[in-house]
């Protein structure tokens, strides 16, 4: 995370939420918190704040509330372009650690 992004968005947790959602498309609070190895409560607070402001929308998938960008908001398109540009400038080791985690389970019996 760069201090410039924290200054723009107001907090580290806001930057983490936005970059995570740009990289993966959707996510829930616990998964975002586990990815960055931080507490869940600041992530939940940012998700709620961003949803209240119209940047994010949420839906239930079973008992889990998934968040994603609100594409009906025209400002979000510009925000996503900015976040995508920031991800392109991110060092490779940081990309591997936070933004290229396996999403789907392996097939049963498949060798590593």
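No lab work stands behind these numbers, since they all come straight from the coordinates. Here the structure is a predicted model, which means the values were calculated and not measured.
Report the full-extension gain for the segment residue 63 to residue 11: residue separation times 0.36 nm, less the Cα-Cα distance, to one decimal in nm. Spell out each step's value before the answer.
Working: separation 52, 0.36 × 52 = 18.72 nm, distance 2.79 nm.
My answer for the length gained is 15.9 nm.
Were the residues from residue 87 through residue 4 laid out at 0.36 nm apart, the gain over their Cα-Cα distance would be 28.5 nm. Subtracting the Cα-Cα distance of residue 77 and residue 49 from 0.36 nm times their residue separation leaves 8.2 nm of extension gain.
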